[in-house]
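Below is one structure, written out as structure tokens; the observations come after it.
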Amino acid sequence: MLLEHEILPNVLKPARYLGLEQGAFRKPFELADVTMCAAFPDLYEIGFSNYGLKLLYSLVNRQPGYMCDRVYAPATDFRDQLLSHEMPLYGVESFVPLKDFDVLAFSLQYELNYTTIFGILETAQLPFRSADRAEGFPLLIAGGPG
């Protein structure tokens, strides 16, 4: 309710944060043995077209017991709304906070989006150091041409 009534009406492009694309898997979070969120540290419009992210998302979701959601860097208006309402950043299909996933996998395409990882972690209310996260989870991993 907070998201749909207080936050999304106050952002410029709310569809970025809803995961309504055709072909999305939408696997139930609570039924998965392992959960992962593929994170692209740039805006939705740039990350959605990334073939590597789509491939990873598809490969994980085709495995029984595994669930992969997606998250993109929030635009400043959305980030400010989340922070002011103390709502953590979430996977766009499950609406589950990133801190509840087993793995948060960043796709790094170029050096300029490295620092965006810190913004995503801050908005997700996730400490950067694994020692500061509950039982070290979610596990943060990164890869890509960057």
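The values are calculated or read from the model by the stated rules, or taken from the named source; none is laboratory data. Remember, it's a predicted structure, so these values are computed and weren't measured experimentally. Here the Cβ is made from the backbone with ideal geometry for all residues, glycine too, and neighbour counts use every protein chain on show.
Some observations on this one:
- Matching residues in the stretch 4-26 - criterion: being assigned to a loop (DSSP other than H, G, I, E, B) and in contact (Cβ under 8 Å) with a residue 60 or more places away in the chain: Val11, Leu12, Lys13, Leu18, Gly19, Ala24, Phe25, Arg26
- Those strands (runs of 3 or more DSSP E) lying entirely in the stretch 43-146 with at least 2 residues among the charged types (D, E, K, R) and surrounded by 15 or more Cβ atoms within 10 Å (Cβ to Cβ): 66-72
- Filter pass, Glu21 being among the charged types (D, E, K, R), modelled with pLDDT of 95 or more, surrounded by fewer than 22 Cβ atoms within 10 Å (Cβ to Cβ) and out of contact with any strand residue (DSSP E or B) (no Cβ under 7 Å at 6 or more places or on another chain): no
- Test: Val92 is of a type outside the set (Asp, Glu) and closer than 19 Å to Leu139 by Cβ: no
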